1. What ratio of Cα Rg to 2.2 N^0.38 Å holds for chain B?
2. Quick check on my link table: of B:112/B:229; B:34/B:106; B:56/B:112, which ones sit more than 32 Å apart, alpha carbon to alpha carbon?
3. How many Å³ per residue does the convex hull of the Cα positions in region A:191-421 occupy?
4. Let me see the P(r) profile for region A:224-320: every Cα-Cα distance counted, bins of 10 Å, each bin given as a percent of all pairs.
5. Where both partners of a DSSP beta bridge lie in the protein assembly as shown, what percent of those bridges are antiparallel, to the nearest 5?
6. Averaged across B:123-135, how many Cβ atoms of other chains sit within 10 Å of each residue's Cβ atom?
7. Provide a whole-number value for the mean count of partner chain Cβ atoms within 10 Å of the Cβ atoms in peptide B:69-79.
8. On a 0 to 90 degree scale, rounded to 10, what angle separates helix A:370-379 from the longest Cα axis of chain A?
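Readers should treat all values here as calculations from the given coordinates under stated rules, not as data from a laboratory. What you see is a predicted model, and the numbers here were worked out from it, not measured in a lab. Positions of Cβ are generated from backbone atoms using ideal geometry, with glycine treated the same way; all protein chains shown enter the neighbour counts.
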Amino acid sequence: MTSYHGMFSALLILVPVLTFILLWIALQGPVVDRITMAGLPEGVLDGLDSGGVQLVLAEIKSVSRGQIFGTPEDWKIAAAGRYVILHDRADWWLFAAVTILSLALLAFARSRVAADFRARQGVEGIVSGLMIFCSTVAIFTTIGIIASLSYETWRFFERVPVAEFLFGLNWEPQIPLREDQIAAKGAFGWLPVILGTIVITVVALVVAVPVGLFSAIYLNEFAPKRLRSIVKPVLEILAGVPTVVYGFFAILVVAPAIRSFGQSIGLDVAPNTALAAGGVMGIMLIPFISSFADDALSAVPQAMRDGALGLGSTRGEMMTTVLFPAALPGIVGGVLLAVSRAIGETMIVVMAAGLIAKMTINPLDSVTTVTVQIVTLLIGDTSFDNPKTLAAFALGMMLFLVTLMINILALRIVRKYREAYD
Amino acid sequence: MNNMRKIERDVKMTDTKITARSVNVHYGDTHAIKDVDVNIADKTVTAFIGPSGCGKSTFLRCLNRMNDTIDICRVTGEIKIDDKDINHKSVDPVQLRAQVGMVFQKPNPFPKSIYDNIAYGPRIHGLSKSKSELDEIVERALRRGAIWDEVKDRLDQPGTGLSGGQQQRLCIARAVATEPEVLLMDEPCSALDPIATAQVEELIDELRQDYSVVIVTHSMQQAARVSQKTAFFHLGNLVEFNDTGEIFTNPSDPRTESYITGRIG
Ligand SMILES: Nc1ncnc2c1ncn2[C@@H]1O[C@H](COP(=O)(O)OP(=O)(O)OP(=O)(O)O)[C@@H](O)[C@H]1O
Ligand SMILES: [Mg+2]
């Protein structure tokens with residue numbers, strides 16, 4: 001019990017002091033900048049816009065670090081000197097302030113902590129306050145992200161009608177650079193884009209679900225222990241490969257292979273097919289699905305296996321008639337999570353899928369995806385208030401909504417299934 | 001001479017269903033069953049009693065080779081059912097388990113409907129040719145499991161939704177539905193109330209007409225009520241095996257006596 005008294009004092013001192021130090025560090029830079037700029041001789045900043053002022057400040061800072069280019073004016077060198085002194089002094093002030101604050105808090109803590117003081121409640125109060133703070137940070141970040149996304153989406157829909165976006169069959173997000181340009185007005189119908197995402201997702205699932213599932217079934221029930229101890233880590237390595245590496249694999253190996261194979265049997269295959277991007281994405285998802293299925297199968301109680309074997313079923317019959325049905329909800333949940341990952345996957349498709357949105361479900365054709373479009377819309381140097389850029393936010397919003405719904409559904413299924421055996 | 005041997009064998013075949021000779025079981029380094037010899041008669045109920053951890057379940061699981069499913073478990077010695085060595089290479093454990101049914105200590109209905117639970121064995125062994133035949137098998141098994149009246153109106157509901165006692169009777173019915181020759185029951189009544197226990201005991205007595213039943217129990221009264229033969233296990237040894245009446249009235253080994261009078265256990 002006594003340790004709580006010490007802990008209480010420590011927390012009472014540490015929390016405010018650390019907060020103070022963090023705030024100081026965050027504010028020190030801007031404050032020192034302002035003081036430095038305010039101390040410049042009259043008139044030197046006249047006629048400069050904010051960019052120019054920034055430039056002067058940057059120059060002063062680099063002079064203060066000793067990097068002198070050309071011959072700076074004397075007032076700049078003087079300012080740099082003041083800048084250095086200010087920073088040094090700020091460090092001392094910080095030290096002094098922290099010491100005084102600590103001593104004050106220590107005195108306060110001493111006055112609070114008496115033998116009959118209920119320190120445990122105090123500690124628990126402070127700790128739970130900290131935890132509440134941390135979780136609210138997470139929540140508010142999420143809310144902030146959603147809010148900014150919604151705001152930009154709303155700005156997009158001010159310029160482009162919702163119906164055109166939701167039901168339009170054309171996606172050509174060009175906008176005229178000059179008023180009199182004849183080029184297309186730009187079309188913002190997202191259906192071909194989401195269709196591309198769906199095609200690639202389906203291809204990925206066609207690869208990942210059977211392979212992942214069967215490997216999980218094999219590893220879980222049939223594989224000898226030694227093999228399992230080798231294959232499982234390998235699958236985990238597969239899960240750790242950065243998606244950009246999968247992207248390389250798709251464009252350098254899979255796509256050319258599919259293309260040359262297609263040509264050899266007389267098919268016209270696009271260089272960046274949905275098949276290549278989806279297939280490689282499927283490989284990426286294999287460990288994901290297999291580990292979910294493995295967990296679901298392992299969660300089926302031993303008593304079920306005993307029951308089935310005790311009635312004279314083979315391991316195969318046991319798998320198909322008891323284990324698999326019992327694990328199915330968990331497996332479905334895992335597949336749904338894989339779907340939402342496939343929809344949101346960006347790197348592989350940016351590298352291996354196409355850029356042109358087409359209304360097609362032919363996996364040998366080149367399609368584009370929502371994520372690819374978001375990336376291409378945002379990497380241009382257009383300003384942030386024209387429909388082309390804002391369209392990226394609308395797409396992002398739709399992506400967010402779709403994956404959110406899938407995730408909620410998947411988690412519900414998984415949770416329901418967990419309860420089944422408790 | 002030749003004739004005599006044949007007669008001897010005939011007698012053996014009708015009388016003895018299972019013979020075990022110097023059976024030893026190891027779980028890794030744990031020596032769970034030590035040199036057990038036993039003859040289990042056909043059309044009788046044999047009870048295994050003994051303190052917890054003495055190896056009753058382990059020995060029971062040897063009889064349908066369920067120990068095969070445990071990696072670290074090693075069984076040696078000879079176990080014959082109908083004079084056929086069940087550990088011989090030519091014996092398929094899957095077939096064996098269809099012939100030697102098992103009811104586990106903890107009820108373990110499949111997460112399927114009551115009907116599908118019962119129909120599980122008959123389906124995988126192809127015991128029925130038509131749906132109506134399967135219906136009949138299911139009804140008969142549920143009646144024998146003394147649970148028909150309680151579930152006949154909800155055969156399509158999940159077996160896991162039944163009470164613990166009902167689940168156990170469902171599992172007994174499920175084992176019976178496969179028409180085994182030997183039925184192994186590992187503490188089948190530990191989750192049942194006295195009424196359900198009485199029903200199961202009645203059922204066991206009835207099953208004796210056709211099967212050889214081996215039951216593990218912690219209840220001395222139950223062993224006395226349902227069994228004709230009783231085996232007392234202690235620390236992996238088969239200490240005493242005799243007619244039930246004899247064991248309970250006139251045990252020859254002091255350990256048996258202390259156990260049944262409640263001094264060890
Ligand atoms: N799967 C296993 N792995 C390792 N050891 C085991 C295993 N099963 C049983 N044992 C050991 O074998 C011994 C006999 O166990 P067993 O389950 O046969 O006892 P039991 O007589 O059935 O006891 P109870 O009456 O409590 O059910 C015990 O020492 C136990 O620890
Ligand atoms: Mg046991």
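1. Rg over 2.2 N^0.38 Å, computed on Cα atoms: 1.02.
2. Cα-Cα > 32 Å for B:112/B:229; rest within.
3. In region A:191-421, the Cα hull volume divided by residue count equals 141 Å³.
4. 13, 28, 25, 19, 12, 3
5. Taking every DSSP beta bridge with both residues in the protein assembly as shown, the antiparallel ones total about 60 percent.
6. 1
7. The per-residue average across the peptide is 1.
8. Approximately 30 degrees, to the nearest 10.
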